[in-house]
């Protein structure tokens, strides 16, 4: 996490040396009808450090079963996936100076001389979260960062004044970076709106209105069901078990952006004759039978350029389209448009958190279909328009990745002493650390006298 060579007036210490980890409060000093701030996990925004403390509860409601914290405490989500997603924040001003939150927060309370936002930027960095992720304990789906990891993890500590300069510089640079990211995200959303507008025009016949006039086409668009477009009945794949050296069978992860990734397969327990009815052939259309999200269930992909024998599993449904009725590329686009997405989402049924559709649902999905020549013309025109949109979206996504990499680079420099200049007049961090240790010893002695 930290640089091996730190500036002379810095120290490398464990977090428990500079912050109280999950400190308790004296509940006897509060009355049950006192209003306090309440912070459930959703109130902390991922990656941004934003926290909503507007929710108010009575002290009596939350004094048991919730995590107490004070203004300037750092809240660090300890459970997966909240920790990995960056749910970390510094508590702002609180109602009656106290708050309670989810038990899935670790609380880090900086000692005097440690700037809370310096602590926040360190534990919210991807480098720290990556290391924390690899030290989680517990069952899959309920993994947590243990208190012992927080306590023992190392943090580089500069002098207090330098901490303040570092925080100020980070916030200055992040503010500029965030403006650029916001502009990129706005441009990306505008592209999505433009894409949907183009597709809407295409599927309403507006994109090819001039073509129909030039060709003197009189044929009206007609309402069809998916079942009207097939050359063979819908087919579910067959269940498969892993077997080394067995027949190649697609994984569900083979369903990618615009086509099937035919290299995404496992070796199954089928013989060649078992697999033959389930061979993937060119221009077959496949869709997932289920997914963890209602908005993704049934997402479909075309198989193209099939040069090797591979079969499909029971997690997919195959549609063999009648090439004399429907252009497969046209069908693929309309399948993933709002026209059919809304029907898919309305039909999806959930079992144990998995949204599913079946052959009956798929067969009945409806849309308007133009003549085959007009479908071909629509695809030709879209192939002139959409690649430039795709290219721009890709470039924006690359810029966003670079922006995030720059953010992490800034943090790396901050915690290695390279972001701001050192001031020889600053009190060395070693002196600060001795003062913190003396304060902790005094507190321990007071507690011992109180017990006596």
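Data overview
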| quantity | calculated |
| --- | --- |
| Candidates 107, 123, filtered to the one that is buried (at least 19 other Cβ atoms within 10 Å of the Cβ) and either in a strand (DSSP E or B) or at pLDDT below 95 (or both) | 107 |
| Matching entry among 416, 409 (being within 26 Å of the chain's Cα centre (by Cα) and either free of Cβ contacts under 8 Å to residues at least 24 places away in the same chain or surrounded by 16 or more Cβ atoms within 10 Å (Cβ to Cβ) (or both)) | 409 |
| Residue among 438, 405 that is out of contact with any helix residue (DSSP H, G or I) (no Cβ under 8 Å at 6 or more places or on another chain) and farther than 21 Å from residue 185 by Cα | 438 |
| Test: residue 324 is outside any helix (DSSP H, G or I), over 19 Å from residue 248 (Cα atoms), assigned by TED's automatic domain parsing to the domain that holds residue 250 and at pLDDT below 85 | no |
| Test: residue 192 is at pLDDT below 95 and out of contact with any strand residue (DSSP E or B) (no Cβ under 7 Å at 6 or more places or on another chain) | yes |
| From 61, 47, residue being out of contact with any strand residue (DSSP E or B) (no Cβ under 8 Å at 6 or more places or on another chain) and at pLDDT below 95 | 47 |
| Among residues of segment 193-216, those that are within 16 Å of residue 375 (Cα to Cα) and either crowded, with 16+ Cβ neighbours inside 10 Å or under 37 Å from the mean Cα position of the chain (by Cα) (or both), counted | 13 |
| Complete set of residues in segment 132-154 that are touching a residue at least 12 places away in the same chain (Cβ under 8 Å) and assigned to a helix (DSSP H, G or I) | 132, 133, 147, 149, 150, 151, 152 |
| Residue match in segment 253-266 (condition: in a loop (DSSP other than H, G, I, E, B) and closer than 22 Å to residue 363 by Cβ) | no |
| Single match in 386, 419 (criterion: in contact with a helix residue (DSSP H, G or I) (Cβ under 8 Å, 6 or more places away or on another chain) and farther than 30 Å from residue 209 by Cα) | 419 |
| Unmet requirement for residue 183, which otherwise passes all of (1) in the same structural domain as residue 396 (by TED's automatic domain parsing); (2) on the phi > 0 side of the Ramachandran plot | (2) |
| Residue 129 being out of contact with any helix residue (DSSP H, G or I) (no Cβ under 9 Å at 6 or more places or on another chain), surrounded by 16 or more Cβ atoms within 10 Å (Cβ to Cβ), at pLDDT 95 or above and in a helix (DSSP H, G or I) | no |
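The values are calculated or read from the model by the stated rules, or taken from the named source; none is laboratory data. Here the structure is a predicted model, which means the values were calculated and not measured. With ideal geometry, Cβ positions are generated from the backbone for all residues, glycine too; neighbour counts draw on all protein chains shown.
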